[in-house]
Amino acid sequence: MSNSTLASLRLSLHKIGATINTKEKNRDLLVKNISKIEKDIATAKTLLRDYKSICKVRDDIKDYQGTVRLKKVNGNWEFRGESKSRFKNNDTCMRLLHGKRHTKEAEQARKNLTSAFEHWGYGKLETINSSKIDDLIEQKRENFDKFSKAPAILEAKKQDIEKGLETINQEISTLKKDLNKIEGTRKGLTAIYGTNVGAKEINNRIRKQFGLRLETKLAPASSVRGEAHAEWNRSHKDSPYIMASQEDLNYAVSALKKGPDTVLEFMFDVQKREQGTQYRGTMYNPHSGIGTIKRGEQFQIGFIMSCNTTKGITDRYTSTGKGKYHSSDDPANKGQLRARYIIEGKPFNIGAGDTEENERNYKPGTQFILMKEPYNQNGVTCFELKEASTTKKNIATVYR
């Protein structure tokens with residue numbers, strides 16, 4: 001995995017996640033549509049039955065010139081009719097009797113047909129004649145044809161979406177594996193960095209890249225892992241927690257072999273930054289690095305600078321002597337003095353260090369301004385620093 005893939009993988013995962021959400025929503029809508037179509041198919045079947053029975057009625061009244069009355073009998077439409085000639089006699093009572101019955105049955109016929117066809121928006125039916133029935137039959141046939149094709153069309157669309165979802169799910173699975181590898185590598189590197197030997201070895205690789213002189217040789221990546229793991233076990237012998245999984249540590253070793261740029265990208269990429277005051281206990285050479293910086297001057301760091309938000313923790317990291325944090329046996333500590341940095345800035349929270357430390361980390365290359373002349377406080381030289389808002393080229397690089 002190349003350095004440039006980290007951000008692009010996360011971006012791809014975000015996009016693919018958004019895509020699958022859209023597809024799933026579309027599928028949900030499709031399911032609802034299919035449910036509606038199934039109801040419409042049932043309606044279409046009813047209309048087909050009506051269509052067939054009305055076709056029979058149409059044949060019955062093909063040459064009939066009177067007013068058509070239809071009645072549904074056992075689910076089928078049947079023809080009823082009254083000849084206009086029946087009302088030409090002078091028997092008023094008889095004419096009214098048949099007229100009322102005719103009106104009632106004709107009105108019922110209109111209601112029945114309206115109910116059957118209103119699904120298609122045909123509108124309210126008036127006098128029903130043979131040509132009107134022809135129109136209704138044709139309209140019914142067209143709509144039924146449309147609905148008879150709809151299920152197959154929608155089923156094909158559903159299958160296409162499901163195939164797309166399967167492809168997307170496979171892509172998601174692959175990307176998640178890569179994302180897990182990214183997170184696992186970060187966890188492994190952070191765990192190694194959380195030990196003294198691990199922090200030293202990772203920073204020495206960074207210092208070398210910044211052109212700083214190293215006091216000790218770089219250890220092989222696999223040795224760094226082994227020594228860091230052994231140190232962690234010694235200091236956490238009664239802890240039920242492990243330093244990191246073997247898989248994560250394997251990922252970390254691979255990153256170490258690729259070089260400082262890969263290590264830094266895994267450790268710092270997309271991690272949060274927090275504005276505030278931090279403190280760092282360390283050592284410094286009064287004749288080089290920060291020991292030569294004047295008030296108001298700007299410089300950059302050539303290592304991962306760990307600090308914390310609790311001032312008292314710095315005493316642990318300014319301790320010197322045999323067996324102390326800054327061992328007198330370490331060649332890098334020769335000629336060095338105790339120092340405390342008081343820093344105003346916005347470091348990263350990469351999840352390193354113990355919980356009580358509230359550790360924060362500045363990325364190599366970060367630039368600072370020395371806000372006042374160094375001063376002594378109980379045998380410790382204090383440097384008040386502020387993260388620079390702008391960068392400058394060709395400025396001093398501090399070792400530690």
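Worth a mention:
- Summed residue charge, Cβ within 13 Å of TYR362's Cβ, Lys/Arg positive, Asp/Glu negative: +3
- Cα-based shape type of region 146-204, given that a ≥ b ≥ c are square roots of the gyration tensor eigenvalues and the cut on a/c is 1.5: prolate
- A Förster distance of 41 Å, applied to the separation of the beta-carbon atoms of LEU179 and VAL31, puts the FRET efficiency at 0.85.
- Distant-in-sequence amide H partners of ALA388 (H built 1.01 Å from N, under 5 Å): GLN367, PHE368, ILE369
- TYR241/ASN378 FRET efficiency (R0 51 Å; Cβ-Cβ; nearest 0.05): 0.90
- Each label was represented as a point 7 Å from its Cα along the Cα-to-Cβ direction; for LYS294 and SER319 these points are 3.9 nm apart.
- Annotation: amide H-H contacts under 5 Å for PHE383 (H modelled 1.01 Å from N, sequence separation of 5 or more, or interchain): ARG340, TYR341, ILE342.
- Shape of region 239-303, Cα gyration tensor, a/c cut at 1.5: prolate
- Trypsin sites (Lys or Arg not before Pro) within region 201-276: DSSP coil, no more than 13 neighbouring Cβ in 10 Å: ARG213, LYS217, LYS237
- Segment LYS39-LYS392, extension gain: residue separation times 0.36 nm, minus the distance between their alpha carbons: 119.9 nm
- Across region 205-262, C-alpha contacts under 8 Å between residues 6 or more apart give a mean separation that, scaled by the residue count, equals a relative contact order of 44 percent.
- Taking a ≥ b ≥ c as the square roots of the eigenvalues of the alpha carbon gyration tensor, region 166-240 is oblate, as a/c is not under 1.5 and a/b does not beat b/c.
- With 19 Å as the limit on Cα-Cα distance, the pairs of LYS187/LYS258; LYS217/LYS258; LYS272/LYS346; LYS217/LYS237 that go past it are LYS217/LYS237.
- At q = 0.16, 0.19 Å⁻¹, base-10 log of I(q)/I(0) for region 198-341 (Debye sum, equal scatterers on each alpha carbon): -1.14, -1.57
Throughout, read-outs are computed from the coordinates displayed, never taken from laboratory work. Nothing here was measured: the structure is a model prediction, and the numbers come from that model. Neighbour counts are summed over all protein chains in view; Cβ atoms, including those assigned to glycine, are modelled from backbone coordinates with ideal geometry.
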